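What follows is a single structure, written as structure tokens, with notes after it.
The values are calculated or read from the model by the stated rules, or taken from the named source; none is laboratory data. Since the structure is predicted, the reported quantities are computational estimates derived from the model, not experimental observations. No Cβ is skipped: glycine too gets one built from the backbone with ideal geometry, and neighbour counts run over all protein chains shown.
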Amino acid sequence: MALMVKCSACHKKVSVKNSVCKCGNDLREDKNKLYYIVYVLNGKHVWEAAGHSYKLAKELELKKRVDVIDKKIGIVNRQLKNMSFGEFIDNHFSPHYMMKNKSFEKEKRRFKIVREYLGSIPIKNLSEFDIDQFFKYLFAERKISKSTINRYIATVKRMLNYAVELNIIAVNPAKHLRQMFVDNVRVKCLTEEQIEKLLEASKENRNKKLYYIIQIALRTGMRLSEILSLKASDIHLTERYIFVNQTNTKNSKQRHIPISDTLYECFIEFFNQYNLQDDEDLFESKSVKSSYNSSLAKAEIKDFTFHDLRHTFGSRLVLNSVDLYTVSELLGHSDLSVTRRYAHLNQPHLREAVAKI
């Protein structure tokens, strides 16, 4: 780092050690000269104006030395250098996440576990090793599945990316951590008979709207959070599509989902029964766990989550020879690789190959 001065006569920059510029101008008497602080950061030369006073420029240079050293070791804001990772989660990340995401209540438990293990470490000292040890602890001690650990990895990365955004740290220590390899698990799918039983059971449920919630899930593949966020104005019966608002989707992308004949009849029945204004929610309840589980039991279906209804929709599309790209679009997957879990359901080329033997 160096302090330079710009001559007001020729506009050339020279070291402050020079009392006279090469052009002959006396820099000691030059009241219009301008001081610059020059330093290298991330491999680039940075020139920063520091005013016309040597005393002020020297003070700014000393402060800049401290700031640049801090940046090089990963601490940008000296006032926040002693903040623990737990304090960052509580005071910065959680409020930010709560404003941006409707899944905050679901994520709170994950935040708590991250905080319990890593929360006491000053954020400036948090290392890749610390974070890697946390994931190993989740797998070995808490017996958490690899797929769930991958969600923790994504969460911690997101937290530390936000710390970088706020200039609390300069580098995300979790940046190079890779997700754990997970074998594609078997996609659970209801048979036609099970679908009929579940729909019949849901009609008799105390939650009178559960039947319609399940019908929407089976006919559109929408996530439960997306269904429960629907307003009357999102159902376009004339054009026959459902508008899924980007603020309610997992990947923040809006979708237009076609309404099938079966679902169309369901909506006609629903709106005849419930007279809703455009801005009203279709479903008041924000949880259907209890009513859904009781309907499953009545239909004699075991170990089948609400999210598996989404898998049922995807599976039925593939079994009816719908291509994976279209399935991906309808399900709102961010990546086609996620949709490939359904690929094994319809592989006529494999059957044709075996038939030749």
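Key figures
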item	result
Criterion violated by Asn293 - all others in (1) at pLDDT 90 or above; (2) farther than 19 Å from Glu226 by Cα; (3) touching a helix residue (DSSP H, G or I) at 6+ places or on another chain (Cβ under 9 Å) satisfied	(3)
Selection count where residues are assigned to a helix (DSSP H, G or I) and within 19 Å of Tyr97 (Cβ to Cβ), scope segment 136-178	17
Condition check for Phe111: over 27 Å from Arg223 (Cα atoms) and not in a loop (DSSP other than H, G, I, E, B)	no
Total residues in segment 33-47, condition in contact with a helix residue (DSSP H, G or I) (Cβ under 7 Å, 6 or more places away or on another chain), over 21 Å from Val20 (Cβ atoms) and not aliphatic (A, V, I, L, M)	1
When residues of segment 197-226 are limited to those that are in a loop (DSSP other than H, G, I, E, B) and among the charged types (D, E, K, R), the one nearest to Tyr264 (Cα to Cα)	Lys209
Filter result (among the charged types (D, E, K, R), within 27 Å of Leu331 (Cβ to Cβ) and assigned to a helix (DSSP H, G or I)) within segment 274-308	Lys289, Asp308
Residue ID - modelled with the highest pLDDT, chosen from residues in segment 305-323 that are buried (at least 18 other Cβ atoms within 10 Å of the Cβ) and touching a helix residue (DSSP H, G or I) at 6+ places or on another chain (Cβ under 7 Å)	Leu309
